[in-house]
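Some notes on the structure that comes next.
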Amino acid sequence: MAAIGASILLAGGVSPFSQRSTTTLFGGITKRGRILAVSTERIGRVSGFGENEKLGKKMNLKTMAEETEVKPNIYANPEELPEFEEGKKWLKDYFEESKEIIRSDGGPPRWFSHLECSSSTSPDCPLLLFLPGIDGTGLGLIMHHHKLGKMFNIWCLHIPVQDRTPFNELVKLVERTIRSENYRSPNRPIYIVAESLGACLAFSVAARNPDIDLVLVSSNPATSFSKSQLQPLIPLLEITPDQFPLNLTYMLSLPTGNPLRILMDNVVKRGSLPQIVGELSQDLSNMSSYLPILADILPRETLRWKLNLLKSGSANTNSCLHAIKAQMLILCSGRDQLLPSLEESQRLQKTLPDCEIRKFEESGHFLFLEDNIDLATIIKGVSFYRRGKHFNCVSDYIPPTPSEFKKLHESISLLLTATGPVMLSTLEEGKVVRGLAGIPSEGPVLLVGYHMLMGLEVVPLVAQFMMERNILVRGIAHPVMFVRVKDGKPPDVELSHYDVLRVMGAVPVSAANFYKLMSSKSHALLYPGGVREALHRKGEEYKLFWPEKSEFVRMAARFGAKIVPFGVVGEDDFAEIILDYDDQMKIPWRREEIEKLTSRSAKLRTDASGEVANQQMHLPVMLPKFPGRFYYYFGKPILTRGMEELKDKKKCDELYSHIKSEVEGCIDFLKQRREKDPYRNIASRVLYQTSHPSTSPFNIPAFDL
């Protein structure tokens, strides 16, 4: 009953505004132009994200009518979708707004909320506190406000240039805030996003408040300061003359990581070579004009103070790591020129009880100022976004944005070209048609089918449902995709491979999650054969390994779900298994690895017997073939609404057997019909697309129906 995602092979919503009660944190704060909203106000908003909304009976008839209107499918043409969401800001905005915020700087450290984050957040969204790095401006998330502002109520900490507040006092400042907000909303998590110095603050606060529900997202934490290239700079700043520009190179690197690479990233995707050269020249010119702003953000005395703050903060934090109980995500850069972030992330993951890491091999020190980093997508991909004490796969899920879907489509373009998927469905009158017109629009709908080798069929299926029907299919997946640190050890499987599937709505298999999907009228994707089917042995292509119990029929019938049986073929045209599970178990070192991975994976169907209970986690060794084609056939929907007889177990078993035979029939139908497809071979499809360049891989002709 679990799905293994195809991402093993991949590298891989706005609403009315309302006021809520306020709490004063600091006095004497004035607004700063159009950029900032002072921290003395908490702004609440109404609304949510699609299926996550909990307005229920509070919706008036007008609102309900608007919700039922047919909306255009924005995912229909992925190539035409925007690369970035509307409202995104850029590196130049960081410098320009930094210049404005430090112009009349003074006073103590304080919170502010960017105005663009104050008009689209629901009142039930959690609070996000941003703790800045060595720059102290609090503008480090400026390139992410447009997306994070729809998920969180964002407060940013600003530390004025001339402020000399000690590390322990900064910790107390943040601590007072989280305690106040936790008292206000005790059942809601508080997120702390921090970088370098700010991460030390976040860790120390978490260690002092283990009973508060905190979620920490830290970028290149400065807990490794004693091993960094910044440490020797402290005595040099003490002895060198003030006229010596010792800190210029460091100031240039601190906010941007690798400035030249970032500039190239900003323009390389945007046009022809002459255009790239022209834009790069302009950006280099702009960068040089920002050097004075960097000098104003980190003058010599401030830099010296901040480095000493890093030194004391790192020592303080390392002494209390053992007390941290918070859920944590560490983002580390492979090209951090200031801190050994990759090595430090490994150390922290072994030390902290609930810690995940994500690596960005080509990024510099400050991830959040790089164009290719999308913090909102990262949080969604790691399944870290929740509004309550525990993650709810339905109410906490936020569907992919157009730009996220565009990136997904780009990442699977080679897979789509290689597989040239053909999708067939069955209309109510029984007619088989090309495309997905036979899939019911209104849920709940349960797609039940055969799980192909390695789950290769999942991603094209989910993508096509969104492009053709604007339907988000929620895959019910094996818990291995969601496992976190166990016994202080990182998981054996690289979890980042599955992030794209979690963004697209995959949920861990369980009766509770199945209930939530059906009760929310979702389109769910279920593979009764699970791991045993997806990791089958030699000669077992297209053989179903379903349990004897009718696990899903009664639950689907309880909510009147439409069950759509489907078959898929094509794996035998792409790879041949050389070493299967039986072969690998005869090799001692492979047997040990399989047993270790299986023992650390969640146990499913422990009460089952036969082959379906054989849930050993392994990867078969395969020999690739010259690519053929994937074929999907969705049978006629089976309506369960009003079928009172399904309360009887015997009737459920009969329907279960019928669904299984329908899936087998779909597979047999496709195996026969594909023999008459003139475009089954990739070579013939490439020739066709050469003469029809605007044709999608999904729309290349196939056999006659």
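The values are calculated or read from the model by the stated rules, or taken from the named source; none is laboratory data. Remember, predicted model here, so these are calculated numbers, not experimental data. Note that we place each Cβ from the backbone using ideal geometry, even for glycine, and neighbour counts take in every protein chain shown.
Condition first: assigned to a helix (DSSP H, G or I) and more than 20 Å from residue 169 (Cα to Cα). Now tell me which residues in the stretch 200-224 satisfy that.
From the stretch 200-224, those assigned to a helix (DSSP H, G or I) are 200-208, 222-224; that's our starting set.
Once the filter is applied, which keeps residues that are assigned to a helix (DSSP H, G or I) and more than 20 Å from residue 169 (Cα to Cα), the stretch 200-224 yields only 224.
State all residues of the stretch 445-470 that are at negative phi and surrounded by fewer than 21 Cβ atoms within 10 Å (Cβ to Cβ); if no residue qualifies, say none.
Within the stretch 445-470, the first condition is being at negative phi, and the residues that meet it are 445-453, 456-469.
Correct list: 465, 467, 468, 469.
Residue 554: over 25 Å from residue 654 (Cα atoms), assigned by TED's automatic domain parsing to the domain that holds residue 415 and surrounded by fewer than 24 Cβ atoms within 10 Å (Cβ to Cβ), yes or no?
On the way: over 25 Å from residue 654 (Cα atoms): no; assigned by TED's automatic domain parsing to the domain that holds residue 415: yes; surrounded by fewer than 24 Cβ atoms within 10 Å (Cβ to Cβ): yes.
For residue 554, the condition - over 25 Å from residue 654 (Cα atoms), assigned by TED's automatic domain parsing to the domain that holds residue 415 and surrounded by fewer than 24 Cβ atoms within 10 Å (Cβ to Cβ) - is not met.
Please verify whether residue 186 is within 24 Å of residue 384 (Cα to Cα), under 28 Å from the mean Cα position of the chain (by Cα) and surrounded by 19 or more Cβ atoms within 10 Å (Cβ to Cβ), treating the condition exactly as stated. Step through it out loud before you land on a result.
On the way: within 24 Å of residue 384 (Cα to Cα): yes; under 28 Å from the mean Cα position of the chain (by Cα): yes; surrounded by 19 or more Cβ atoms within 10 Å (Cβ to Cβ): no.
Judged against the criteria, residue 186 is not a match.
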Open item on the list: Give me the residue from the stretch 304-338 that is closer than 16 Å to residue 131 by Cβ and among the aliphatic types (A, V, I, L, M) and, out of that set, surrounded by the fewest Cβ atoms within 10 Å (Cβ to Cβ).
Closed with: 329
TODO: Tally the residues that are aliphatic (A, V, I, L, M), in a strand (DSSP E or B) and either under 15 Å from residue 364 (Cα atoms) or out of contact with any strand residue (DSSP E or B) (no Cβ under 9 Å at 6 or more places or on another chain) (or both), restricting the search to the stretch 316-346.
DONE: 2
- [ ] Please state which of the following conditions residue 440 fails to meet, knowing it meets all the rest: (1) outside any helix (DSSP H, G or I); (2) more than 19 Å from residue 629 (Cα to Cα); (3) within 25 Å of the chain's Cα centre (by Cα).
- [x] (3)
- [ ] Return yes or no: is residue 218 crowded, with 17+ Cβ neighbours inside 10 Å, over 26 Å from residue 384 (Cα atoms) and among the polar types (S, T, N, Q)?
- [x] no
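Considering 398, 373, which residue is buried (at least 20 other Cβ atoms within 10 Å of the Cβ) and either touching a helix residue (DSSP H, G or I) at 6+ places or on another chain (Cβ under 8 Å) or among the small types (Gly, Ala, Ser) (or both)? Break it down stepwise before answering.
Numbers: 373 fails: buried (at least 20 other Cβ atoms within 10 Å of the Cβ).
Sole residue among the options that is buried (at least 20 other Cβ atoms within 10 Å of the Cβ) and either touching a helix residue (DSSP H, G or I) at 6+ places or on another chain (Cβ under 8 Å) or among the small types (Gly, Ala, Ser) (or both): 398.
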Open item on the list: Please pick out the residue among 688, 633, 656 that is more than 18 Å from residue 566 (Cα to Cα) and of a type in the set (Ser, Thr, Tyr).
Closed with: 688
- [ ] Determine whether the stretch 131-140 contains at least one residue that is over 15 Å from residue 89 (Cβ atoms), at pLDDT 95 or above and assigned by TED's automatic domain parsing to the domain that holds residue 202.
- [x] yes
TODO: Considering only the stretch 375-422, give the helices (runs of 4 or more DSSP H) lying wholly within it that have at least 3 residues that are out of contact with any Gly (no Cβ under 8 Å at 6 or more places or on another chain) and more than 16 Å from residue 83 (Cα to Cα).
DONE: 375-381, 413-419
- [ ] Please work out if residue 428 is in a helix (DSSP H, G or I), at pLDDT 90 or above and either of a type in the set (Asp, Glu) or not assigned by TED's automatic domain parsing to the domain that holds residue 665 (or both).
- [x] no
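Inspect the stretch 405-418 for any residue being of a type outside the set (S, T, N, Q), more than 22 Å from the chain's Cα centre (by Cα) and under 30 Å from residue 684 (Cβ atoms) and give the result as yes or no.
Looking only at the stretch 405-418, we keep the residues that are of a type outside the set (S, T, N, Q), and these are 405-410, 412, 414-416, 418.
When the remaining residues are screened for being more than 22 Å from the chain's Cα centre (by Cα), the result is 418.
After this cut, where a residue has to be under 30 Å from residue 684 (Cβ atoms) as well, the list is 418.
So far as the stretch 405-418 goes, yes, one or more of its residues are of a type outside the set (S, T, N, Q), more than 22 Å from the chain's Cα centre (by Cα) and under 30 Å from residue 684 (Cβ atoms).
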Task: Among the candidates 660, 596, residue that is at pLDDT 95 or above and either in contact with a Pro (Cβ under 6 Å, 6 or more places away or on another chain) or outside any loop (DSSP other than H, G, I, E, B) (or both) - done: 660
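Among the listed residues 539, 567, identify the single one that is crowded, with 24+ Cβ neighbours inside 10 Å, out of contact with any Lys or Arg (no Cβ under 8 Å at 6 or more places or on another chain) and not in a helix (DSSP H, G or I).
Numbers: 539 fails: crowded, with 24+ Cβ neighbours inside 10 Å.
Selected residue: 567, the only one of 539, 567 that is crowded, with 24+ Cβ neighbours inside 10 Å, out of contact with any Lys or Arg (no Cβ under 8 Å at 6 or more places or on another chain) and not in a helix (DSSP H, G or I).
Could you list, in sequence order, the residues of the stretch 92-143 that are assigned to a loop (DSSP other than H, G, I, E, B) and within 21 Å of residue 364 (Cβ to Cβ)? Spell out how you get there, then give the answer.
Step one: filter the stretch 92-143 for residues assigned to a loop (DSSP other than H, G, I, E, B), giving 102-109, 118-126, 132-143.
Scanning the stretch 92-143 gives 132, 133, 134, 135, 136, 137, 138, 139, 140, 141, 142, 143.
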